[in-house]
Amino acid sequence: MSPEFPIGSKVRVVALPPYVKTADPMPMLRPPNVINIGEEGIVLDRRPGGYWGVRFGQGAFLIDSQYIESTEQLPESQPESE
């Protein structure tokens with residue numbers, strides 16, 4: 001099961017895909033070097049097939065969930081008091 005990212009949350013690129021696809025109405029393939037490992041973007045929407053529309057500095061791209069991770073910190077669980 002692919003991870004879920006809330007719309008508007010920040011994500012980070014952890015690996016580069018063989019190519020990236022623009023999130024335009026008429027998508028185009030681009031070489032992977034238009035984004036960098038460690039670059040952060042904002043989730044725009046969820047697409048079929050495990051893809052996410054993510055806005056980076058160079059534009060919006062469709063990224064498979066295996067190539068990104070959330071930068072949002074999960075709330076730490078409180079130890080149960082006895």
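The values are calculated or read from the model by the stated rules, or taken from the named source; none is laboratory data. Quick caveat, the model's predicted, so the values are computed rather than measured. With ideal geometry, Cβ positions are generated from the backbone for all residues, glycine too; neighbour counts draw on all protein chains shown. Note: areas computed on protein heavy atoms with side chains; ligands, DNA, RNA excluded. Shrake-Rupley method; radii C 1.70, N 1.55, O 1.52, S 1.80 Å.
Could you tell me which numbered condition D45 fails, if it satisfies all but one of (1) in contact with a Ser or Thr (Cβ under 8 Å, 6 or more places away or on another chain); (2) in a strand (DSSP E or B); (3) loosely packed, with under 15 Cβ neighbours inside 10 Å; (4) of a type outside the set (A, V, I, L, M)?
With (1) in contact with a Ser or Thr (Cβ under 8 Å, 6 or more places away or on another chain); (2) in a strand (DSSP E or B); (3) loosely packed, with under 15 Cβ neighbours inside 10 Å; (4) of a type outside the set (A, V, I, L, M) applied to D45, the lone miss is (1).
Output the residue which, of all residues in the stretch 1-29 that are polar (S, T, N, Q) and in a loop (DSSP other than H, G, I, E, B), is least open to solvent (accessible area, probe 1.4 Å).
Ranking the qualifying residues of the stretch 1-29, first place goes to S9.
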